[in-house]
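Everything on this sheet refers to the single structure shown next.
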Amino acid sequence: MNLRKLEGDVHPLLISGLFVLLLLIMIVPIVLFSGELTELISGGKTTSHDYCKNNISLNYGVICKEGSKLKLNIENNGDIVIKEFLFKVEEDSGSYLTRGISDLNLGASLNYSIDYHVSDEVNRILITPTISVDGELIACSVNNYEVGSLRSCLPDYGSDDDGDDDDDGGSSSNGNGGDDGPSCSDSDGDGYGANCASGSDCDDSNPEIWYDQDFYLDEDHDLYGVGDVIHTECWGEGGVYVYPMDEMAFNNEDCDDSDNIRWQLYDVYMDSDRDGYGFGDLIELCSGTALTFSIDVSTNHLSINDEDCNDGNSDVNPGETEDCSDGFDNDCDNDLCVDCSVESEVLSTGCRCEEEVYYAGYCCKKGFSAKPCSDPIPNSPLRNFFSGLLDYLFST
């Protein structure tokens, strides 16, 4: 009877204890992994993919408009080098993409010009940086930059008080109407015109346009064109350009006008054994951003170098360690085995000493030895005698 009563008392306690233990098992992992660093396991390798949030810090701002370009200042305040940027510029009349900048180092800043017609309708720029983590390229989430107002990069010429009879706003010594030469003829006051230091004007009745812009065919609408000039127009801040309906670009740098994510050529080599080292003749690959290029290289078995000496064996490349037993030049140094230096221990991978290969022992001045090197001291017969005697005694 007492035994049954004891069982009845212990049973609820066991249940309570197990419940508490179960709660601890559930809570501890949540506490440990509830931080900002998220671990994702893929292909047997653990990689942290929250670097964008914790290590990417950007300072950027719109400086001004310069003709058909939008000038941005970008600074990397994070802990990782930024490989590339993708910009999406949003205007009231639509939006367009452009991309550029490679390897923006830590703490570095630069001015970047987006080569596209920019109007006063620009209201937001979406900036997507790409970084490299553990050898893999990761496109970080979009950073929004709200545009307040855009000003022109052109200097403010102000009023003309230089004393000459032109309307250039400059002095007689700056070439804009100097007393020693023809005067600058600038009817629209934009700083461009006949005999003006800034340059000529293709429309001196409109201060927002002043230079001839060439256009090229862009059928895939990636901002990169091909072929010869198909249209030329007087251009500037007031240029009107409907994209992509016009199917035109400001350049002819596209290597594939049927694919809008591939437009530039890269030098690559075949990598048939997929060991990261290429071989053979140079190949030109048409690709795009750093992320697209990385995918194209992997998919097509390519490499950015030609350092492989055997592209049919993944165990043979400059990154391998020489193995004297397999007959291959594993590290591509044109030598089938490691040469032992004077008085060095033979490596476990094998070492050649006096044309013989050994896998244990020492290479000495006198040749191979099973024991550490111990050369006699020159000009000391007595020391030589005892050294030789000790070698004889310990070798028998």
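Laboratory data are not the source of any read-out in this text; all were calculated from the coordinates shown. As the structure is a prediction and not an experimental result, all values here were calculated from the model. Don't worry about glycine lacking a Cβ; one is built from the backbone with ideal geometry, like all the others, and counts go over all protein chains shown.
Numbers at a glance
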| read-out | value |
| --- | --- |
| Amide H contacts of CYS332 (H built 1.01 Å from N, under 5 Å, at least 5 apart or other chain) | ASN317 |
| Sequence-distant residues sharing a close amide H with VAL147 (under 5 Å, placed H) | ARG124, ILE125 |
| Order of PHE293, PHE328, PHE85 under a 10 Å beta carbon neighbour criterion, fewest first | PHE328, PHE293, PHE85 |
| Region 354-376-region 269-308 distance, computed between alpha-carbon centres (Å) | 44 |
| Residue-wise HN-Hα coupling along region 347-364, computed from phi with Karplus coefficients 6.51, -1.76, 1.60 (Hz; x: Gly, Pro) | 6, 5, 7, x, 8, 9, 9, 6, 6, 10, 9, 10, 10, 7, x, 9, 9, 10 |
| Most to least packed among 219-225, 201-207, 59-65 [average Cβ atoms within 10 Å] | 219-225, 201-207, 59-65 |
| Fewest-first sequence of MET248, MET270 by Cβ atoms within 10 Å of each Cβ | MET270, MET248 |
| Residue order, fewest to most beta carbons within 10 Å, for SER314, SER287 | SER314, SER287 |
| Theoretical gain in end-to-end length, ASP335 to ARG274 [0.36 nm per residue, Cα-Cα removed] | 19.7 nm |
